[in-house]
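S.K.: Have a look at this one before I ask anything.
We did not get these values from a lab; they are worked out from the coordinates using the rules stated. Model, not experiment: these values are computed from the prediction. Here the Cβ positions follow ideal geometry from the backbone for every residue, glycine too, while neighbour counts run over all protein chains shown.
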Amino acid sequence: MFSVKSLIGAALAALVSSGAFAADMPLPPPIAPVAEPCCGSAWYLRGDVGVGIINRPKLIFEQNPANNSNFQFQHWSIDDTTFLSIGAGYEFNNWFRADVTAEYRTKAAVNAFGMFTNGVGGVGVDTYTGSIHSTVVLANGYIDLGTWNCLTPFIGAGVGVAFNTLSDFVDIGTGLANGGAGSGQNPTEAHFAWALTAGLSYAVTQNFSVELAYRYLNYGSITDTVHCIGSCNPDSFKWDHLSSNDLMLGMRWRFPVDCCAAPVAPAPVAIQPPPPPQYPLSTRG
């Protein structure tokens, strides 16, 4: 028969043993601080380089009303060009973005020749050379068609204005009917421009993407008036329906924003040791 003193002693021994066990338990591992993910702005800068394969335009002879000639062009051509573009834009959401771009298109050489007769058997030949270069400003909109493994196909369209310059346009006359020469006025004209685009972008990082795209660009026309060396009634020549199939390599850089906050550690959680075992006290003495 146990006494009350024996039960109290056993309870004290169990309490001491529980405290020792709790002291020997390893502390829980520290919880790593949680950092907010870095993010980027919806604003971005862009740059593009490309090659423009210019379609054959129309070349229109606009004869001076004071002249009477049966001159007709027999052949004309225009070379390809290269271009450089910069711009800025905004990503409205995951599928629509828009930007404004300004590009310079380098000189594309133009060549042409035509013939006429003087009515008495004489044949005249005129040869024309020069170059066309342009500055094009466009407001563009793009629709992103989804992203797979950082690749995003997209389509787009743009409208704006093209400033076209016909420079160093020269007429050299040969043949039995003439032997003169003339030169143009290096005019610059502003015309409506529009574009259609399709391409593929690749996200190198969260804030930097590269693009490969095709664009059809229609950028108006340019007209020059050729004045003879000497005395003549000047005629005009219009390079009409200027358009190009452009291959473009571009990049987009999103502005980073200061939302990468310092790591924040969660509040510590107190670990409570388990309560000591409870033993009923015996009423037996």
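S.K.: Taking a virtual spin label 7 Å from the Cα of Val204 along the C-beta vector, which residues in the stretch 133-163 bring their backbone nitrogen under 13 Å of it?
M.R.: The answer is none.
S.K.: Can you run phi through the Karplus equation (6.51, -1.76, 1.60; θ = phi - 60°) for the stretch 95-109 and list ³J(HN,Hα) in whole Hz, with x for Gly and Pro?
M.R.: With the stated coefficients, the stretch 95-109 comes to 10, 10, 9, 8, 8, 10, 10, 10, 10, 10, 9, 5, 4, 10, 5 Hz.
S.K.: Moving to a separate point now. Points 7 angstrom from Cα along the Cβ direction at Val257 and Thr82: gap in nanometres?
M.R.: Label at Val257, label at Thr82, 3.8 nm between them.
S.K.: ³J(HN,Hα) across the stretch 206-211 via Karplus (A = 6.51, B = -1.76, C = 1.60, θ = phi - 60°), whole Hz, x for Gly/Pro?
M.R.: 4, 10, 9, 9, 10, 10
S.K.: In a shell of Cβ-Cβ distance under 14 Å around Gly156, excluding Gly156 itself, what net charge do Lys and Arg (+1) and Asp and Glu (-1) give?
M.R.: Working: positive: Arg46, Arg97, Arg215, Arg252; negative: Asp48, Glu91, Asp99, Asp144, Glu211, Asp246.
Surrounding charge for Gly156 is -2.
S.K.: Using the beta-carbon distance between Leu249 and His75 and R0 = 30 Å, what value does 1/(1 + (r/R0)^6) give for FRET efficiency, to the nearest 0.05? Kindly include the intermediate steps, with their values, before the conclusion.
M.R.: Working: r = 33 Å, r/R0 = 1.11.
In this case the efficiency is close to 0.35.
S.K.: Same structure, new question: Could you give the size of the charge dipole of the stretch 50-256 about its Cα centre, using +1 on the Cβ of each K and R and -1 on the Cβ of each D and E, expressed in debye and rounded to the nearest 20?
M.R.: On the way: 9 positive and 16 negative charges, 74 e Å.
Dipole magnitude for the stretch 50-256 comes out near 360 debye.
S.K.: Here's something else I'd like to know. Please give the net charge around Lys238, taking every other residue with its beta carbon less than 15 angstrom from that of Lys238, where Lys and Arg add +1 and Asp and Glu add -1. Don't jump to the answer; show the numbers that get you there.
M.R.: On the way: positive: Arg56, Lys58; negative: Glu62, Asp171, Glu189, Asp224, Asp235, Asp240.
In short, -4.
S.K.: Separate question: Using 7 Å Cα-to-Cβ label points, what is the Leu212/Trp148 separation (nm, one decimal)?
M.R.: Simple spin-label model gives 1.6 nm for this pair.
S.K.: For Phe192 and Asn68 in one chain, what is 0.36 nm times their gap in residues minus the Cα-Cα distance, to one decimal in nm?
M.R.: Details: separation 124, 0.36 × 124 = 44.64 nm, distance 3.32 nm.
Full extension of this stretch gives 41.3 nm more.
S.K.: Taking +1 at the Cβ of each Lys and Arg and -1 at the Cβ of each Asp and Glu, which of Tyr90, His191, Ser221 sits farthest along the dipole of the stretch 50-256 towards its positive end, judged by Cα position relative to the Cα centre?
M.R.: In the stretch 50-256, that residue is Tyr90.
S.K.: Moving on to the next point. Averaging over every viewing direction, what projected area does the convex hull of the Cα atoms of the stretch 50-256 cover, in nm²? It would help to have the intermediate numbers written out before the result.
M.R.: Working: hull surface 49.9 nm².
Result: a mean projected hull area of 12.5 nm².
S.K.: Place a point 7 Å from Cα of Lys238 in the direction of its Cβ. Which residues in the stretch 128-147 have their backbone N less than 19 Å from it?
M.R.: Only 132-133 fall inside the zone, counting backbone N under 19 Å.
S.K.: Okay, moving on. Suppose the chain between Ala98 and Arg56 were pulled fully straight at 0.36 nm per residue; how much longer would it get relative to their current alpha carbon spacing?
M.R.: Working: separation 42, 0.36 × 42 = 15.12 nm, distance 3.05 nm.
Gain on stretching Ala98 to Arg56: 12.1 nm.
S.K.: Between beta-carbons, use under 15 Å as the cut-off and find the net charge around Glu211, counting Lys and Arg +1, Asp and Glu -1. List each step's numbers first, then the result.
M.R.: Numbers: positive: Arg46, Arg97, Arg215, Arg252, Arg254; negative: Asp48, Glu91, Asp99, Glu103, Asp144, Asp246.
Around Glu211, the surrounding residues sum to -1.
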